[in-house]
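The structure appears right after this line, and notes come after that.
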Amino acid sequence: MISERVRDSSSSGFFQKDLGAKHRSRGAFLLAVLIAMGTPVSSLADPPLAPVSEDELANEVNDPLATLTQIQLKDIFTPAEYGTNAQPNTLQFRSVFAVRPHLFTPLEELIRPTIQVVTVPRGKTASTTTALDDIQLLDLFVIPFPDVKKTGFRWGIGPYFVFPTSTSQFTGKGAWQLGPALGFAWQLDRLKFSWLFQQSTSFAYTSSRSVSVASIQIQPLLTYDLGRGWYLKSADANWKINFRHKSSTEIPLSAGIGKVWNVGQGFSINAAISGEWMAYRQFSSQTEQFTLNIQLSLLLPQLEM
């Protein structure tokens, strides 16, 4: 009886060793496949990331260079506009995708597509047209020097595209556009000061009615962290300067308030409201006088492509 139990236990131990060897060989094979596919092996063993605080997100949500993946929905309503009795409106869908450095691009990358459905005046009366506007794509590469932890300064550069996707003759430019983009951000305690420059020049046209474009958009962004996820901002105004002879120049100013809530593991909600006023205009007979911006965003701080 004793010899039989010993024999049984030894055979069982041999079976367990054989099974363990098989599992190890399968694990090694799976690891080799993941490496061949380009999967970062370190991420397989990384512990879960700590949740990002509401104040930290409030400091980054309006920063054009923050490595923060987010999906934005924004309504831009203009109750008063120069040169018309109509009340234009823009429904803006914007995403920001944070891409970690990899083999082909050893820099952090921020990809920001913007899709807009606009309601625009058809003249001086109150009649309007609603249509899809031109799609914009901003692609910024964040430069790792100087060290942002030591200086509080961060900057990036990349291309800016405009695609002629407008579905109405009253919206869009009817032109393919391309140009450089430049952004930087500077952190001073609770205050963050940022700028975003986007220059576009048309190089191809969709019809004979299309007009050549050579312009620059300058977006100054100023935010102040109030604590507990609340923040003040001046970040919605886009200064538009056209380079053609006697073309328009528009310089609005904005001010608003926002709040960030952590609502789950790995995602948060940002809500903001602001007002915008046209401070200066030249050669622009029809443009916004006062605008109300309402924004809702889903923040995914732990998601990187």
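Once the Cβ-Cβ distance between residue 193 and residue 289 is put in as r, and R0 is 30 Å, what FRET efficiency do you end up with, to the nearest 0.05? It comes out at approximately 0.65.
Place a point 7 Å from the Cα of residue 130 along the Cα-to-Cβ direction; which residues of region 79-101 have their backbone N under 20 Å from it? Those under the cut-off are 79-81, 85-94.
Once the Cβ-Cβ distance between residue 298 and residue 151 is put in as r, and R0 is 30 Å, what FRET efficiency do you end up with, to the nearest 0.05? Once rounded, the FRET efficiency stands at 0.45. For residue 150, a cut-off of 14 angstrom between C-alpha atoms picks up these aspartates and glutamates, skipping any fewer than 8 places away in its own chain: 189. Extending 7 Å from the Cα toward the beta-carbon at both residue 100 and residue 230 defines two label points whose distance is 3.6 nm. For the listed residue pairs 192/246; 173/233; 74/259, the alpha carbons are over 24 angstrom apart in 192/246; 173/233. With kT/(6 pi eta Rh) evaluated at 20 °C and eta = 1.002 mPa s, and Rh the Kirkwood radius from Cα pairs, region 70-169 diffuses with a coefficient of 133 µm²/s according to Stokes-Einstein. A cut-off of 5 Å between modelled amide H atoms, ignoring neighbours fewer than 5 places along the same chain, links residue 179 with 160, 201.
Extending 7 Å from the Cα toward the beta-carbon at both residue 282 and residue 253 defines two label points whose distance is 1.8 nm. Computed from the C-beta positions of residue 143 and residue 163 and an R0 of 25 Å, the FRET efficiency is 0.40 to the nearest 0.05.
Readers should treat all values here as calculations from the given coordinates under stated rules, not as data from a laboratory. In this text, all values refer to a predicted model and were calculated from it rather than measured experimentally. Ideal geometry is used to build each Cβ from the backbone, glycine not excepted, and the neighbour counts take in all protein chains shown.
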